[in-house]
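Data first, discussion second: the structure below is written as structure tokens.
The values are calculated or read from the model by the stated rules, or taken from the named source; none is laboratory data. None of these values were measured; they are calculated from a predicted model. Every residue, glycine as well, gets a Cβ built from its backbone with ideal geometry; the counts of neighbours run over all protein chains shown. Areas reflect the complete protein model, heavy atoms only, side chains present, ligands, DNA and RNA absent. Shrake-Rupley method; radii C 1.70, N 1.55, O 1.52, S 1.80 Å.
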Amino acid sequence: MKSPLLSLPGAVPAEGADEGVAAHYGDLFREQRALADGTGFVDLSHRGVITVSGEDRLSWLHLLLTQHVSELPTGQATEALILSAHGHIEHALYLVDDGETVWAHVEPGTQESLIAYLESMKFFYKVDVADRTAECAVVYLPAGSIAQVPEGVVVRETPYGRDLFLPRADLESFARKAGPAVGILAYEAFRVEQHRPRLGFETDHRTIPHELGWIDTAVHLQKGCYRGQETVARVQNLGKPPRRLVFLHLDGSEVHLPTPGTEIRLADEDPDGRKIGFITTSVRHHELGPVALALVKRNVPLDAPLMAGETAAAQEVVVEP
């Protein structure tokens, strides 16, 4: 959905998966510094919003999600995945329960297929699943923000900041009070710095939770009863994932960032040498310079200099080999 905040001065529309909101408002690093200082807000109104209400909502979701939510306290934020039968990641949900309804935001455009799956699993449970994207806009306030949250707005509070499920009709009036507006590129820069994976960016058709570190934040290892749980348990108890997420410091002398999908190889190998991974997200950070997240083969040495296309890269461990 196209945000009305694209009419703000300096707004440059985002492309690709984040189409519909602003990439930036004219000064990427200033916007990053605003977030770092706890000021401003990010328009995430292109993200999908779903709700699950009804007396069985938590016990029912507990059967479907990787996370333990049957006794989720009111107001406590969590995140969860839906896996395929083979344990591959299909959906990522960012949840909070307000005491009557579970609210979740998801990647843009994924809400329809998610709702179709949830509807197919309702059976006799007393639940109601709804697509609230047309009426609710997600807005992000950074950690430390003192912006006033409108009365009645559901808030999902995390160590990184607060996600607001704001009535879409109130988005422009909220922006006037909570500014400055910050674009999605600044938000993404901090996501990369924080090593947080994103569905469709760090994932492909065969990604499993262990590869991205989601096993620590979105999967509860002491529960079963969800699709794909056998794969999770097998990898956890008997093996290692084939790939691992890494954080890359990129050569700052390069003009262009390596784009997602850029192949990674060992720096001491021939340019046509074997591929050991690929860039998933690359950004310019106001303090760290050009950095990226990437997936590499698990056995890549931790101290090995890498090349992302023609760009030299040094890795930091996100997921242990």
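At a probe radius of 1.4 angstrom, the accessible area of region 229-321 per residue rounds to 51 square angstrom. Placing a label point 7 Å from the Cα of Val155 along the Cα-to-Cβ direction, the residues of region 176-211 with a backbone N closer than 15 Å are 178. Using the Cβ-Cβ distance between Thr74 and Glu19 with R0 = 41 Å, the FRET efficiency computed as 1/(1 + (r/R0)^6) comes to roughly 0.75.
Taking a cut-off of 25 Å between Cα atoms, list the lysines near Lys240, but don't count ones fewer than 8 places away on the same chain. Within the straight-line limit of under 25 Å, Lys240 reaches these lysines: Lys223, Lys275, Lys297.
Sorted from greatest to least, the principal axis extents spanned by the alpha carbons of the chain come out as 59, 52, 29 Å.
May I ask you to compute the full-extension gain from Ala304 to Leu266, defined as 0.36 nm times their residue separation minus their alpha-carbon distance, rounded to one decimal in nm?
That works out to 13.0 nm of additional length.
Largest mean-square fluctuation among Val153, Val106, Val96, in a Gaussian network model of the chain whose springs join Cα atoms under 10 Å apart, belongs to Val153.
Relative to a virtual label point 7 Å from the Cα of Ala314 in the Cα→beta-carbon direction, which members of region 234-257 show backbone nitrogen distances below 14 Å? Inside the label zone: 247-253. The calculated FRET efficiency for the pair Glu119 and Ala143, based on their C-beta separation and a Förster distance of 56 Å, comes to about 0.95.
Relative contact order of region 67-125, taken over Cα pairs closer than 8 Å and 6 or more residues apart, is 24 percent. Springs between Cα atoms under 10 Å define the GNM used for the chain, and in it the highest mean-square fluctuation of Tyr125, Tyr94, Tyr187 occurs at Tyr125. Here the 3J(HN,Hα) profile of region 244-259, calculated from phi with Karplus coefficients 6.51, -1.76 and 1.60 at θ = phi - 60°, is 9, 6, 10, 9, 10, 8, 9, 4, x, 7, 6, 6, 10, 6, x, 7 Hz, Gly and Pro shown as x. Averaging 1/r over every pair of different alpha carbons in region 282-321 and inverting the result gives a Kirkwood radius of 11.3 Å. Length available on full extension from Gln194 to Asn237: 0.36 nm per residue minus the Cα-Cα distance, which gives 12.8 nm.
In whole angstrom, note down how far apart the Cα centers of region 139-167 and region 57-75 are. Distance between centres, Cα-based: 22 Å. Rg and Dmax over the alpha-carbon atoms of region 211-280 stand at 16.9, 50 Å.
The alpha carbon radius of gyration of region 100-214, expressed as a multiple of 2.2 N^0.38 Å, is 1.22.
Between region 273-315 and region 4-41, the C-alpha centres lie 26 angstrom from each other.
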